[in-house]
1. Within segment 99-128, track down each residue that is in a loop (DSSP other than H, G, I, E, B) and within 25 Å of GLY399 (Cβ to Cβ).
2. Being in a loop (DSSP other than H, G, I, E, B) and more than 17 Å from ILE404 (Cα to Cα) is the filter; apply it to segment 488-507 and report the residue that is modelled with the lowest pLDDT.
3. Within segment 216-228, take every residue that is not in a helix (DSSP H, G or I) and not polar (S, T, N, Q) and give me the one that is surrounded by the most Cβ atoms within 10 Å (Cβ to Cβ).
4. Somewhere in segment 412-420, is a residue basic (Lys, Arg), surrounded by fewer than 20 Cβ atoms within 10 Å (Cβ to Cβ) and farther than 17 Å from LEU501 by Cβ?
5. Has segment 229-252 got at least one residue that is in contact (Cβ under 8 Å) with a residue 24 or more places away in the chain, surrounded by fewer than 16 Cβ atoms within 10 Å (Cβ to Cβ), among the small types (Gly, Ala, Ser) and more than 30 Å from CYS136 (Cα to Cα)?
6. Among the residues that make up segment 463-484, is at least one of them of a type in the set (Ser, Thr, Tyr) and surrounded by fewer than 15 Cβ atoms within 10 Å (Cβ to Cβ)?
7. Answer yes if at least one residue in segment 145-154 is among the basic types (Lys, Arg), in a helix (DSSP H, G or I) and either surrounded by 14 or more Cβ atoms within 10 Å (Cβ to Cβ) or modelled with pLDDT of 85 or more (or both), and no otherwise.
8. Suppose we filter segment 444-472 for residues that are among the polar types (S, T, N, Q), under 20 Å from ILE404 (Cα atoms) and part of a loop (DSSP other than H, G, I, E, B); how many remain?
Amino acid sequence: MAGTRSGIWKRTISLSPDDVDFVEKPPRQLALECPICMGILFHPHIVSCCGYHFCETCLDRVKREGQPCPMCKGDFTSLLNKSLQRDINQLTIVCPNSKKTSEGPPCDWIGELGCIEDHLNIGKRFGGCQCLVVGCNYGCGYSNKRYLLVAHEQTECPKRPYSCDYCNEYESTCEDVIERHWPECKDYPVECPNQCQTRYLARGLLQEHLNSTCELQEVNCPFEWAGCTAKTQRVKLMDHLNSSVNVHVCMVGSSGRSMHEEVQSIKGTLGDMKKQKRLTDLIVSKLEREDEANKVAINALQEKMKQLCEKITTLEHENKDLKEQIGRVNSESKAEKEILARRSFSLESSIGLPPFLFVVEDFHKKLAEKKCYLSPPFYSHLGGYRFCIKVTPSGIFFGEGSHISLTVFLMKGVFDESLRWPFRGNVTVALIDRINGSENFIDTIKFDKGTSAKVTGRVTSGEMNESGLVSYLFVDLALLKPNSKQSPRFLPDNSLHIKVLSVTVAS
């Protein structure tokens, strides 16, 4: 398959001549490799002293450091060779995934070197090379070649969108519909527990079926009120009624006699209630007389209450004095609480909690020497997980030479014994604008189920895990060049300010 022509290599990936399979061997006279970074030339500049070509970014670094030509050690000037860049971009190559594997056919893409990044489309689920391994679009953690992911996402992925086939109302993931919704869906087909001719029916209709139509449901005899204790299947009820007519007649007669006796008992009870009413009337009359006597007693109590009110007034004055004493005690207590709060704040500051700011000094020197910077340790929260961040100014893998890369490591902490492992959660970082203090290039690094146990597990030896979780493309180095308009915002004194905005722990 032919690639798109006239592509422009943006260098979001780093390539060396050994990484690329050319359809035709490049001409020997064509300068292809940068003597500094050993990668394929990017924005090639020719030097006046010896005629060698170098990458623009590599040569800029040499100029900033005041060094002579890396090849002849002489003074030099340089000029962009657009013709050479065009020749390099137009070299025809085959896809890096062109080698056949046991998993399926290789990629047959053939195109210009300048089109390779558009073809691979790294980090994206769709488009580009169908043989590139990418993650499932629904975030289940499964990875495979792009063309093989289609069947997984349509029929296998537990996180794919799915609607209930029975009620046509509930929509969620396939996993959620099957495991949570179906056990309670009112339209889900269930089997009659009596295994009657109606073998399957909607769950919402099952109880009505058992109460009214199921022929095999066991029911009570209609003469239960008369004392019949027989239970039989609904289909056999008429047989029971026909065979037990005489028994039912006897039961009804016996129940009639019992009802007559109950009526007589009720009449006797009614007579007793009438006698009780007459007695109640006598009691009410007596209570009315006692009420008059109580009124006299109430007047005496009111006089006594007046005396009590005067005593209460005296007690209120005493209470006022007590309140003033309580106020003084509260003021002293408040002062003690403020002291405790300041001590708590001091504790939080000493162990490092988000938002947590750290500074990478001598940035350009670290970039030139490809040195890394390790941040001070910090905790997710009081009593939480302990982390540190490694800053690689020259970048790692996808970001090598073009972006700053960050790696978040779990460290051994004093609270590890009481925490859940492996760690699941997010670490959110940002680059601080030194002019207005705003937070830029906010990046959330996610520790999820798909993250290796070497990264998320508890530290068992040493001070920190050997492996961390990487953000390859944190900040574009082009923004931090000395001649960049953005550089004064982020590097006014050759130091980067990076802030850990938050650490969230999954529940």
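The values are calculated or read from the model by the stated rules, or taken from the named source; none is laboratory data. Values in this document were obtained by computation on a predicted structure and should not be read as measured data. All Cβ positions, glycine included, derive from the backbone under ideal geometry; neighbour counts span all protein chains shown.
1. Passing the criteria: CYS107, TRP109, ASN121, ILE122, GLY123, LYS124, ARG125, PHE126, GLY127, GLY128.
2. Filtering segment 488-507 for residues in a loop (DSSP other than H, G, I, E, B) gives 491-495, 506-507.
Add one more test, that the residue is more than 17 Å from ILE404 (Cα to Cα), and what stays is 492-493, 506-507.
On the way: PRO492: 91, ASP493: 92, ALA506: 92, SER507: 81.
Here the residue is SER507.
3. First, pick out the residues of segment 216-228 that are not in a helix (DSSP H, G or I): 216-221, 227-228.
Adding the requirement that they be not polar (S, T, N, Q) leaves 216, 218-219, 221, 227-228.
On the way: LEU216: 16, GLU218: 12, VAL219: 18, CYS221: 20, GLY227: 15, CYS228: 18.
In this case the residue turns out to be CYS221.
4. yes
5. Checked segment 229-252: no residue is in contact (Cβ under 8 Å) with a residue 24 or more places away in the chain, surrounded by fewer than 16 Cβ atoms within 10 Å (Cβ to Cβ), among the small types (Gly, Ala, Ser) and more than 30 Å from CYS136 (Cα to Cα).
6. Residues of segment 463-484 that are of a type in the set (Ser, Thr, Tyr), as a first pass: 467, 471-472, 484.
If we keep only those that are surrounded by fewer than 15 Cβ atoms within 10 Å (Cβ to Cβ) too, we end up with none.
No, that holds for no residue.
7. Scanning segment 145-154 turns up at least one residue that is among the basic types (Lys, Arg), in a helix (DSSP H, G or I) and either surrounded by 14 or more Cβ atoms within 10 Å (Cβ to Cβ) or modelled with pLDDT of 85 or more (or both).
8. As a first pass, look at segment 444-472 and keep what is among the polar types (S, T, N, Q): 444, 451-452, 456, 460-461, 465, 467, 471.
From what is left, the residues that are under 20 Å from ILE404 (Cα atoms) are 444, 467, 471.
Among the residues that remain, those that are also part of a loop (DSSP other than H, G, I, E, B) are: 467.
Residues meeting the conditions: 1.
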